[in-house]
Amino acid sequence: MGWREKMGLTPDEAYVFSRDVDGHFKDLGFYLSTMRPRFSDGYSELASYNLPVLRKDHGNEDGSTIRVFMNRKEIYVEHQTSWRSFGGSQHRVFEEPLTTAEEIEQNLDEMAD
């Protein structure tokens, strides 16, 4: 089974979410990657490990880094300290696939609180 089938995409779809949603997040600095975080509570917990995701890395002034990995099935956010060690994570898996930018942004906002 290919990655498109695993993510519920038809063979002619080449997007993580859709052309419009992927484009929206790419305009915000996300890029196509795979679900391969540096840290996690266990890769077995990541339903989409090694599958395509939209990813964004953000370096903070204190030297710490936040990485966001997201696709229709889950969002994983990890924090790396300025010492390059694990600083924490948030993880959400969705029963119903995320399909709109608004749904995704709402979840990201909730995870940021």
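Quick note: the coordinates plus some simple rules give every number you see, no bench work behind them. Quick caveat: nothing in here was measured; it's all calculated off a predicted structure. Glycine also receives a Cβ, built like all others from the backbone with ideal geometry; neighbour counts cover every protein chain displayed.
Tabulated data for the structure shown
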quantity: Pair residue 32, residue 66: separation of 7 Å Cα→Cβ label points (nm); calculated: 2.6 nm
quantity: Net length gained if the chain between residue 111 and residue 86 were fully extended (0.36 nm per residue, minus Cα distance); calculated: 7.3 nm
quantity: Qualifying GluC sites (Glu not before Pro) in the range 59-113, DSSP loop, other Cβ atoms within 10 Å at most 13; calculated: 61, 95
quantity: Where trypsin sites (Lys or Arg not before Pro) fall in DSSP loop in the range 31-113, at most 15 other Cβ within 10 Å; calculated: 38, 84
quantity: Average projected area [Cα convex hull, the range 3-112], square nanometres; calculated: 6.8 nm²
quantity: Per-residue HN-Hα couplings for the range 77-89 [Karplus 6.51, -1.76, 1.60; θ = phi - 60°; Hz; x = Gly/Pro]; calculated: 10, 10, 10, 10, 6, 5, 8, 6, 10, 5, x, x, 7
quantity: For the range 39-95, alpha-carbon Rg and Dmax in angstrom; calculated: 11.6, 36
quantity: Amide hydrogen neighbours beyond the local backbone of residue 53, cut-off 5 Å, H modeled; calculated: 33, 34, 35
quantity: Bins of 5 Å, starting at 0 and running to the largest distance - Cα pair percent for the range 65-113; calculated: 5, 20, 30, 20, 13, 8, 4, 1
quantity: Zone of residue 79's modelled label, taken as backbone nitrogen in the range 97-113 under 14 Å from a point 7 Å along Cα→Cβ; calculated: 111-113
